[in-house]
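**Q** Sharing a structure, written as structure tokens. Questions coming.
Please treat every number below as a calculation from the coordinates, not as lab data. Keep in mind the model is a prediction, meaning the values are calculated, not measured. Positions of Cβ are generated from backbone atoms using ideal geometry, with glycine treated the same way; all protein chains shown enter the neighbour counts.
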Amino acid sequence: MTTAQPRTDLDVQPTPLALLLLGREADPTSERGVDCPGDLPSPSDPDLVARARAAKEKLGDKVFVLGHHYQRDEVIQFADVTGDSFKLARDAAARPEAEYIVFCGVHFMAESADILTSDEQKVVLPDLAAGCSMADMATAEQVAECWDVLSEAGVADQVVPVAYMNSSADIKAFTGRHGGTICTSSNAKRALEWAFDQGQDPATTKILFLPDQHLGRNTAVRDLGMSLEDCVVYNPHKPNGGLTAEQLRDARMILWRGHCSVHGRFSLESVEDVRARVPGVNVLVHPECRHEVVAAADLVGSTEYIIKTLEAAPRGSKWAIGTELNLVRRLANRFAAEDKEIVFLDRTVCFCSTMNRIDLPHLVWTLESLAEGNLVNRIEVDEETEDFAKLALERMLALP
């Protein structure tokens with residue numbers, strides 16, 4: 001019996017921009033956040049792994065390390081639990097004895113963990129530059145201006161906001177203040193159904209979906225049977241969102257003009273190309289992908305759904321996955337022994353560049369600092385924002 005070898009070639013080629021964002025090249029104008037003090041070796045140096053392990057052992061139960069599915073392998077090996085953003089935030093809340101929650105993810109995820117954990121727990125993000133381009137596409141000021149536009153159009157009292165988990169604490173708080181709820185990619189359908197039921201007349205109730213237009217559109221059309229004509233896109237960079245009062249009155253779904261830079265790059269051509277290259281392939285994509293990609297796929301679901309589908313897939317099956325490349329490579333390695341052929345949907349590299357800012361040097365610096373009693377890079381949400389954001393999250397948790 002032969003031992004399956006890890007998959008190293010998923011038929012993708014890194015672009016110059018991807019190499020820059022992954023840190024293999026330098027651009028001083030694009031770098032922001034904190035530095036790693038001290039003379040840290042490169043991630044490939046075995047001493048770095050030993051240092052991370054030693055610092056984590058020294059901290060013991062005082063530290064709880066969370067690793068998002070999209071993290072690098074060199075980081076994910078030190079995670080106590082792995083998962084999507086909301087699962088990880090809840091896992092942190094379930095470990096009250098952990099004084100430090102080290103979140104290997106991005107900024108909005110660490111905010112959610114701070115909202116859900118106790119005041120005694122301290123949430124730490126190893127690199128403050130690890131943000132989320134999607135979350136950054138909706139600011140509190142822009143959303144407040146949008147609500148003014150809805151008010152001027154005479155429809156604000158018919159609108160229920162639904163914010164995707166991939167949003168800032170400010171946006172979650174806005175949603176809580178205005179009677180809305182949060183959703184994940186797993187429960188978006190239930191969240192929209194709940195929101196439509198909140199109005200006096202579900203037929204005239206509208207939803208402002210923040211900040212990912214694709215998840216909102218795909219859920220409304222695929223899961224609720226609405227039409228594309230029921231959806232309009234609000235562009236915060238245009239006067240009145242680029243929409244007329246009549247368009248706002250006629251719409252049922254008001255989609256914020258935001259998207260995931262990873263999932264938004266997949267195209268219909270990607271699907272057609274992989275079907276031609278891999279006969280019999282099953283195309284499985286995340287609902288943050290464009291509508292035409294979702295419509296052409298065989299299966300659509302959240303990150304957890306993707307993992308569970310591949311776990312249950314028969315031996316010898318072929319899969320093209322439309323989500324972040326770190327996860328796809330990890331799944332390809334994991335299921336190689338079961339002769340499951342797993343390829344990346346696109347031909348070019350598609351790492352989440354901000355997720356990849358959490359590298360082993362930053363993790364070592366964070367753990368060693370905490371072990372020495374120095375609290376670094378704490379993520380703390382102010383009390384008022386936390387209260388309203390938690391209200392929106394609690395409404396989600398109460399969904400049937």
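**Q** Taking Cα pairs under 8 Å and at least six residues apart, what relative contact order does the stretch 135-259 come out at, in percent?
**A** RCO, the stretch 135-259: 29 percent.
**Q** Looking at the chain, send over the antiparallel percent of its DSSP beta bridges, to the nearest 5.
**A** That works out to approximately 5 percent antiparallel.
**Q** All other residues with a Cβ under 11 Å from the Cβ of residue 185 taken together, and with Lys, Arg as +1 and Asp, Glu as -1, what is their net charge?
**A** For residues surrounding residue 185, the net value is -3.
**Q** Here is a follow-up. Pull out the extension gain between residue 374 and residue 157, defined as 0.36 nm times the separation in residues minus the alpha carbon to alpha carbon distance; nm, one decimal.
**A** In short, 73.3 nm is gained.
**Q** For the stretch 242-400, rounded, prolate or oblate, judged on the Cα gyration tensor with a ≥ b ≥ c (square roots of eigenvalues), a/c < 1.5 rounded, else prolate if a/b > b/c?
**A** Oblate, because a/c is 1.5 or more while a/b does not exceed b/c.
**Q** Could you compute the longest span of the chain free of trypsin sites (Lys or Arg not before Pro) located in DSSP loops and having at most 12 other Cβ atoms within 10 Å, not counting the site residues?
**A** With trypsin sites (Lys or Arg not before Pro) excluded where exposed in loops, the chain gives 33-314 as its longest stretch.
**Q** Assign unit charges at the C-beta atoms only (+1 for Lys and Arg, -1 for Asp and Glu), then state the dipole size of the stretch 321-371 relative to its Cα centre in Debye, rounded to the nearest 20.
**A** Once rounded to the nearest 20, the dipole reads 60 debye.
**Q** OK, next. Under a 10 Å cutoff between Cα atoms, tell me which one of 208, 360, 228 has the largest fluctuation in the Gaussian network model of the chain.
**A** Most flexible of the set in this elastic network: 228.
**Q** Something else: Where Rh is the Kirkwood radius over the Cα pairs of the stretch 166-256, the temperature 25 °C and the viscosity 0.890 mPa s, what D in µm²/s does Stokes-Einstein return?
**A** 182 µm²/s
**Q** On to the next question. Taking +1 at the Cβ of each Lys and Arg and -1 at the Cβ of each Asp and Glu, which of 234, 326, 245 sits farthest along the dipole of the chain towards its positive end, judged by Cα position relative to the Cα centre?
**A** Result: 326.
**Q** Once you put a point 7 Å from the Cα of residue 204 and another 7 Å from the Cα of residue 144, both along the Cβ direction, what distance in nm separates them?
**A** Result: 2.9 nm between the two label points.
**Q** Further question: For the chain, with the dipole built from +1 on Lys and Arg beta-carbon atoms and -1 on Asp and Glu ones, taken about the Cα centre, which of 365, 138, 302 lies farthest toward the positive end?
**A** 302
**Q** Also, quick follow-up: Treating only the Cβ of Lys, Arg, Asp and Glu as charged (+1, +1, -1, -1), what charge dipole size does the stretch 263-344 show about its Cα centre? Round to the nearest 20 debye.
**A** 220 debye
**Q** Another question, if that's okay. Would you mind ranking 299, 66, 255 by Cβ crowding within 10 Å, fewest neighbours first?
**A** Arranged by neighbour count, lowest to highest, 299, 66, 255 become 299, 255, 66.
**Q** Can you grab the distance from the C-alpha centre of the stretch 303-326 to the C-alpha centre of the stretch 98-132, Å, no decimals?
**A** Using only Cα atoms, the two centres lie 28 Å from each other.
**Q** Only bridges whose two residues both fall in the stretch 247-374 count here: according to DSSP, what percent of them are antiparallel, nearest 5?
**A** Expressed as a percentage, antiparallel bridges in the stretch 247-374 total about 0.
**Q** Of 283, 169, 374, which is farthest on the positive side of the dipole of the chain, counting Cα position, with +1 on Lys and Arg Cβ, -1 on Asp and Glu Cβ, and the Cα centre as origin?
**A** The listed residue farthest towards the positive side: 283.
**Q** Take every Cα pair under 8 Å in the chain that's 6+ residues apart, average their separations, divide by the length, and report that relative contact order as a whole percent.
**A** So the answer I get is 24 percent.
**Q** Tell me, how many Å apart are the Cα centres for the stretch 351-382 and for the stretch 149-227?
**A** So the separation of the two Cα centres works out to 33 Å.
**Q** Among 88, 210, 224, which one shows the highest mean-square fluctuation when the chain is modelled as a Gaussian network with alpha-carbon springs under 10 Å?
**A** Residue with maximal mean-square fluctuation among 88, 210, 224: 224.
**Q** Determine the gain in length on full extension of the stretch residue 315-residue 45; use 0.36 nm per residue of separation and subtract their C-alpha separation, reporting nm with one decimal.
**A** Here the answer is 93.6 nm.
**Q** Got a sec to turn the phi values of the stretch 228-245 into Karplus ³J(HN,Hα) couplings, 6.51 cos²θ - 1.76 cosθ + 1.60 with θ = phi - 60°, whole Hz, x for Gly and Pro?
**A** Residue by residue, the stretch 228-245 yields 4, 6, 6, 10, 10, 10, 8, 9, x, 9, 10, x, 6, x, x, 10, 8, 4 Hz.
**Q** Ok, one more. By a straight-distance test (C-alpha under 15 Å), which aspartates and glutamates pair with residue 87 as possible cross-link partners, with residues fewer than eight away in the same chain excluded?
**A** Straight-distance partners of residue 87: 111, 114, 304, 394.
**Q** Right, another one. How large is the dipole of the stretch 135-259 about the Cα centre if only Lys and Arg carry +1 and Asp and Glu carry -1, each at its Cβ, rounded to the nearest 20 debye?
**A** 320 debye
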